[in-house]
1. Taking Cα pairs under 8 Å and at least six residues apart, what relative contact order does the chain come out at, in percent?
2. Which value, in debye to the nearest 20, gives the size of the charge dipole of the chain about its Cα centre, when Lys and Arg are +1 and Asp and Glu are -1 at the Cβ?
3. Stokes-Einstein at 20 °C, 1.002 mPa s, Kirkwood radius from Cα pairs: D for the range 277-338 in µm² s⁻¹?
4. Averaging the inverse of every distinct alpha carbon separation and then flipping it gives the Kirkwood radius. What is it for the range 1-126, in angstrom units?
5. Can you give the charge dipole size of the range 1-49 about its Cα centre, rounded to the nearest 20 debye, using +1 on the beta carbon of Lys and Arg and -1 on the beta carbon of Asp and Glu?
6. What is the local net charge at Phe234, summed over the other residues whose Cβ is closer than 11 Å to its Cβ (Lys, Arg +1; Asp, Glu -1)?
7. What ranking, highest mean first, results for peptides 65-74, 139-148 when packing means the other Cβ atoms within 10 Å averaged over each residue?
8. Can you compute log10 of I(q)/I(0) for the chain with the Debye formula, treating each Cα as one identical point scatterer, at q = 0.07, 0.11, 0.12 Å⁻¹?
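The values are calculated or read from the model by the stated rules, or taken from the named source; none is laboratory data. For clarity, every value in this text was computed on a predicted model and none was experimentally measured. FYI the Cβ positions are ideal-geometry reconstructions off the backbone, even for glycines, and counts take in every protein chain you see. Protein only, heavy atoms only, side chains kept; ligands, DNA and RNA dropped before computing areas. Shrake-Rupley method; radii C 1.70, N 1.55, O 1.52, S 1.80 Å.
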Amino acid sequence: EKGGYDHFMLKEIYEQPNVIKDTYRGRLHSNEGIIQMAGVEDHLEKFLHADRIIIVACGTSWHAGLVAEYVFEEFTRIPVEVEYASEFRYRNPIISSKDVVIAISQSGETADTMAAIKLAKEHGAFVFGVCNVVGSSISRESHAGAYTHAGPEIGVASTKAFTTQITVLTMIALRLAKAKGTLSNSDFHMYLQELEIIPEKVKEALETAVTTKKIATTFKDAHNCLYLGRGYNFPVALEGALKLKEISYIHAEGYPAAEMKHGPIALIDEQMPVIVIAPKQGHYDKIVSNIQEIKSRSGRIIAVVTKGDTQVRELADYVIEVPETSDALSPLITTIPLQLLSYYIAVFRGCNVDQPRNLAKSVTVE
Ligand code: M6R
């Protein structure tokens, strides 16, 4: 049932090229320049007239929501807020019938996310669900939705759910951008084409398993770990840190790289592995100077870079090369080596990868 893999998590990591394709199949038609998702088409006006979009989710799904915030605002210029479902539901949020709430949940059974949806509905908001499990409670409670087609995710650490959630959310943003005219025609087409070839690039990114495995042997006994990223890759840093915590029990934190100087840089010494997500697109020069700051304090740098990178290579102790893509789509690629890194570290530490201690696959309690 693990299809020859040692763990479900590894199997699910390797399924990503296929499930991303399954998720956009029939919805993304790059030659025609069309994105079609029934749940969005049927309620297009709701989205287009929304004062803002509020995304509610927990854990990894919340990280996908953060990526979506950057993508939606960039592509559609609709203001987006991303909330932990557990905080949203208990804080008497301001919400009205002009809000669109997007709830993201792999299982579709997360109690806090479910409660957030109910609250949003009471206030008259339109609720759109992005779930993986067909017929799940959240998918039924939402007014409309779009499924991710990741297939069953068994490993407690979410991997393929994350990348397929980003795929769905990016398609929604593109569809709305087209309707609103907030993206140029050429950019719109470029993103469609780029999204279509993402599975091939994810496949290539999976080849980093060889390098990440080596890096994992070096760092398996670390007590702490920092993950840094900027822009679209800031949520990827958070997700990388969550993945490491969950399955290897190493304390890890994700930060926007520029926040280092406001505190966390005090943690840096020769014992501290710092994983920096530094693809060529985006804020490359800025992140290079962040890397320099870490290096001058003797931190050990593991950098995720674009193939052919030379500048970061000179500074970093280890580099992991991934294929180039546009900035907005880069989380789909840069997250892959981080999943593999946590996986191998957990395996080398002898941890129960698929069923980490204290965790359940779906959190149906408050
Ligand atoms: O099923 P959901 O997407 O609603 O689950 C949300 C979180 O419980 C989940 O993402 C959790 O953080 C994972 N274990 C992360 O790997």
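1. Relative contact order, the chain: 19 percent.
2. 240 debye
3. In µm²/s, the coefficient rounds to 184.
4. 16.4 Å
5. Here the size comes out at about 80 debye.
6. -2
7. So the order, starting with the most tightly packed, is 65-74, 139-148.
8. Here the Debye-derived log intensity ratios amount to -0.28, -0.71, -0.86.
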